[in-house]
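The values are calculated or read from the model by the stated rules, or taken from the named source; none is laboratory data. Keep in mind the model is a prediction, meaning the values are calculated, not measured. In this analysis, Cβ positions are derived from the backbone assuming ideal geometry, glycine residues included, and neighbour counts consider all displayed protein chains. Each accessible area value is taken on the protein alone, full model and side chains, heavy atoms only, with ligands, DNA and RNA left out. Shrake-Rupley method; radii C 1.70, N 1.55, O 1.52, S 1.80 Å.
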Amino acid sequence: MTALDDVLASAAPRSLARDCRVFNQGETRVRAHVLVDGWIRISQSGSDGGQVVLRFIGPGDIFGAVSLFTDRRYPADADTLTDATEVSWSDKALLELMSSHPQIAINAIRIVGQRLQEAQHRVRELATQSAERRVAHALLRLTRQVGTATARGIVIRFPLRRKDIADIAGTTLYSASRILSAWERAGWLKTLDRRIAVESLPELARIADEESETEGGVIAASADRHAG
């Protein structure tokens, strides 16, 4: 059998409805998951009850697998944003696949490395950048990863709450809403049926690279410039 045959033979498929909990933070019956279609939000809760969105999972992405190699507890919650289909493997099945097909293990290491690099970038942004720059970076990442070019702009392909953007950018809902509302008034983006359409990538890129750390001044200057 080929590696693909072995992978498919040991996979457990599952269909999921929108707003369904795939797994819970702290759950110990862990598996490695791959999303076939749909969108999933990965979020983590703190001891104070606060919640932070870590990432969004799209078709072809693996998730939940890190827990198999750490403390065997899911480090976050996974919730579907749309109807979705996933396949998953038990820890025993995954380790057997890695033993039989080393390329699978290499691919898993690469994915973990990418996630670590992403976490390092976000920590650096939180430590050095204004909220406005962080929101711009978050939207630029999403347009690159899950954006579709349309006549209305680049549309992020799943429903996105302003709280999600606030969490990804590491800011408050109030700040994220104020920033996004200013950009909507400036004509840089709009919300279409809970999906954000970015109409001016150059302006977001300019803000993401902005050296000034004066958040309010950047928002006001940008809005005034377009209003005039």
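Miscellaneous remarks
- The residue of segment 170-213 that is farthest from residue 81 (Cα to Cα), among those that are in a helix (DSSP H, G or I) and among the basic types (Lys, Arg), is 206.
- Test for residue 47: is it open to solvent by 60 Å² or more (accessible area, probe 1.4 Å) and at pLDDT 95 or above: no
- In summary, residue 118 fulfils each of the numbered conditions (1) acidic (Asp, Glu); (2) touching a Ser or Thr at 6+ places or on another chain (Cβ under 9 Å); (3) modelled with pLDDT under 90 with the single exception of condition (2).
- Test set (1) among the aliphatic types (A, V, I, L, M); (2) surrounded by fewer than 17 Cβ atoms within 10 Å (Cβ to Cβ); (3) out of contact with any Asp or Glu (no Cβ under 6 Å at 6 or more places or on another chain); (4) within 25 Å of residue 140 (Cα to Cα) - residue 40 fails condition number: (2)
- Here the condition is being modelled with pLDDT under 90 and surrounded by fewer than 16 Cβ atoms within 10 Å (Cβ to Cβ); of 205, 227, 223, it holds for 227 alone.
- Residue 189 vs. criteria under 19 Å from residue 55 (Cα atoms), crowded, with 17+ Cβ neighbours inside 10 Å, in contact (Cβ under 8 Å) with a residue 40 or more places away in the chain and out of contact with any Lys or Arg (no Cβ under 9 Å at 6 or more places or on another chain): no
- Among the conditions (1) closer than 17 Å to residue 93 by Cβ; (2) surrounded by 20 or more Cβ atoms within 10 Å (Cβ to Cβ); (3) under 17 Å from the mean Cα position of the chain (by Cα), residue 66 misses just one, which is (2).
- For segment 1-15, residues that are out of contact with any strand residue (DSSP E or B) (no Cβ under 9 Å at 6 or more places or on another chain), open to solvent by less than 100 Å² (accessible area, probe 1.4 Å) and not in a helix (DSSP H, G or I) total 1.
- Matching residues in segment 64-109 - criterion: being among the charged types (D, E, K, R), more than 22 Å from residue 16 (Cα to Cα) and touching a helix residue (DSSP H, G or I) at 6+ places or on another chain (Cβ under 9 Å): 72, 96
- Every residue from segment 19-36 that is assigned to a loop (DSSP other than H, G, I, E, B), under 17 Å from the mean Cα position of the chain (by Cα) and either closer than 17 Å to residue 94 by Cβ or among the charged types (D, E, K, R) (or both): 19
- Scan of segment 106-163 for residues that are open to solvent by 70 Å² or more (accessible area, probe 1.4 Å) and assigned to a loop (DSSP other than H, G, I, E, B), ordered by number: 151, 152, 157, 161
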